[in-house]
Amino acid sequence: MKKAIVFDNSGTLVKRHRVIKDINNNKFITNINSMDIIDGTTSLALVVLQFDTNNLLKIPKNTLISEVIKRCNIDFDVSFTNAKLTKDEVKQILFNEKNATIADIIDAFPLLKDKVPKFELCNGSALIINMDLSTIEYTITSAGMLFSGVIDTIKVLKSRGIEIYIASGDRKGAIHKLADIIETKRENAFGSVSPIGKWEIVHDLQKDGYKVMMVGDAINDLIAFNQADVSVLTIEQEEEISPKMLDKSDYVINHISEIVNIDF
C-alpha cells in the first residue's frame, strides 16, 4: 500500500518563536499559542497575511495596518476560526480597521531576533480579528528554525518510499521555502491551510489509495487527526498541549526523529 505523511509546520518541523501583541492592553505575549486564544470562541479568527514581514520596515510605524493591506494589495487567508464567515467579511474589517498600526507588528522584531537571529523560517505576520467588534485585537509576529533531525528524518522516510506532505496555517511563501530546504516537492506543500483544509488533504490522499499519517502539535490539527489512519502528536515545542489532542493521538513523541520508529 502507498504511504504518505502529512506534517504540520510550526511546532512540528520548525521550532517556532511567536510574539503576540494584545493591542487593547498594549502588552506583548510570548507564552500563549495563538490557537488557544481563538479556540472556544465564535467571534475570533486568525488571519495570515501573505506578505514578507521584513517589508514593513520600509513603512512609517504609525501607518494603519488596514492602509498597508489596501495600498500593497496584500492577500490573506483565514487559517483558524470557529466562526462562520466569508473572506469578504474579513476583508471589510481589514480594509476599515482604525486602531492597529505597523508598530504593533514590527515592535516585536527585537524580541524575536533574540531567539532567531537570522529570522530563518516562518517569518511572517498574522492578525486575530474580532468579527463582532470589527477590530484587530492581536497582531502576531513569528519566526523559527528547523528542529534538529528534521532533514535526516525526512531522508529516511523518503528512502522507504513514503510521500512527504506539508499542511500548515503559516504563510504560503514560508512553506514553499521550507519545502525546498527539506527537499520536498512544492506541489506537496500547502500553506495558509485551515483545519478543514488539512482534513481535505488527508482525505484526498486516502481516496488516492494512500495510508496516511498526520503529524501535528496543536488544536488546528485535530480534524485531520480524526481522519488520518495514524495520528502523531509531537510535543517538541514544549508548549501546553490541549487535552483534545492527547485524546485523539495514536502516538505522542518528544522528537521528530521518533517518527521513523512508527510502523503504519
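The values are calculated or read from the model by the stated rules, or taken from the named source; none is laboratory data. All values reported here derive from a predicted model rather than from experimental measurement. Because the Cβ atoms are built from the backbone with ideal geometry, glycine has one as well, and the counts that use them run over all protein chains shown. Protein only, heavy atoms only, side chains kept; ligands, DNA and RNA dropped before computing areas. Shrake-Rupley method; radii C 1.70, N 1.55, O 1.52, S 1.80 Å.
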Look at Val202 and say whether it is open to solvent by less than 10 Å² (accessible area, probe 1.4 Å) and in a helix (DSSP H, G or I). yes
State all residues of the range 144-162 that are in contact with a Lys or Arg (Cβ under 7 Å, 6 or more places away or on another chain) and either under 24 Å from Asp75 (Cα atoms) or of a type in the set (D, E, K, R) (or both); if no residue qualifies, say none. Gly144
Within the range 15-31, is even one residue open to solvent by less than 50 Å² (accessible area, probe 1.4 Å), in contact with a Leu (Cβ under 8 Å, 6 or more places away or on another chain) and modelled with pLDDT of 90 or more? yes
(1) open to solvent by 10 Å² or more (accessible area, probe 1.4 Å); (2) modelled with pLDDT under 90 all hold for Asp132 apart from (2)
Take Lys198 and decide whether it is within 19 Å of Asn82 (Cα to Cα), in contact (Cβ under 8 Å) with a residue 60 or more places away in the chain and not β-branched (Val, Ile, Thr). yes
Any residue at all in the range 161-176 that is at pLDDT 95 or above, among the aliphatic types (A, V, I, L, M) and in a helix (DSSP H, G or I)? no
Restricted to the range 225-261 and to residues being free of Cβ contacts under 8 Å to residues at least 24 places away in the same chain, of a type outside the set (A, V, I, L, M) and assigned to a strand (DSSP E or B), the residue nearest to Ile196 (Cα to Cα) is Ser231
Return the total of residues in the range 36-58 being touching a helix residue (DSSP H, G or I) at 6+ places or on another chain (Cβ under 8 Å) and crowded, with 18+ Cβ neighbours inside 10 Å. 8
Unmet criterion (only one of (1) outside any helix (DSSP H, G or I); (2) of a type in the set (Val, Ile, Thr); (3) open to solvent by 20 Å² or more (accessible area, probe 1.4 Å)) for Ile151: (1)
Failed item in (1) in contact (Cβ under 8 Å) with a residue 60 or more places away in the chain; (2) part of a helix (DSSP H, G or I), with Tyr138 passing the rest: (2)
Inside the range 18-73, can you point out the residues that are more than 27 Å from Lys115 (Cα to Cα) and either among the acidic types (Asp, Glu) or within 19 Å of the chain's Cα centre (by Cα) (or both)? Gly40, Thr41, Leu44, Glu67
When the residues of the range 75-90 are filtered to those that are in a helix (DSSP H, G or I) and closer than 21 Å to Ile223 by Cβ, which remaining residue is least open to solvent (accessible area, probe 1.4 Å)? Val90
For Ile69, work out the one condition from (1) part of a helix (DSSP H, G or I); (2) over 25 Å from Pro195 (Cα atoms) it doesn't fulfil. (2)
Quick one: Leu44 ticks every box in (1) assigned by the TED database to the domain that holds Ile140; (2) at pLDDT below 95 except a single one, so which number is it? (2)
From the option list Thr81, Thr12, Thr30, Thr53, single residue qualifying as under 17 Å from Ile140 (Cα atoms) and in contact with a Gly (Cβ under 9 Å, 6 or more places away or on another chain) is Thr53
Return the pairs, sorted by first residue and then second, in which the second residue is open to solvent by 10 Å² or more (accessible area, probe 1.4 Å) and in a helix (DSSP H, G or I), the first residue lies in the range 90-111 and is of a type outside the set (Val, Ile, Thr), the beta carbons are less than 6 Å apart, and the residues are 6+ apart or on different chains. Phe95/Lys70
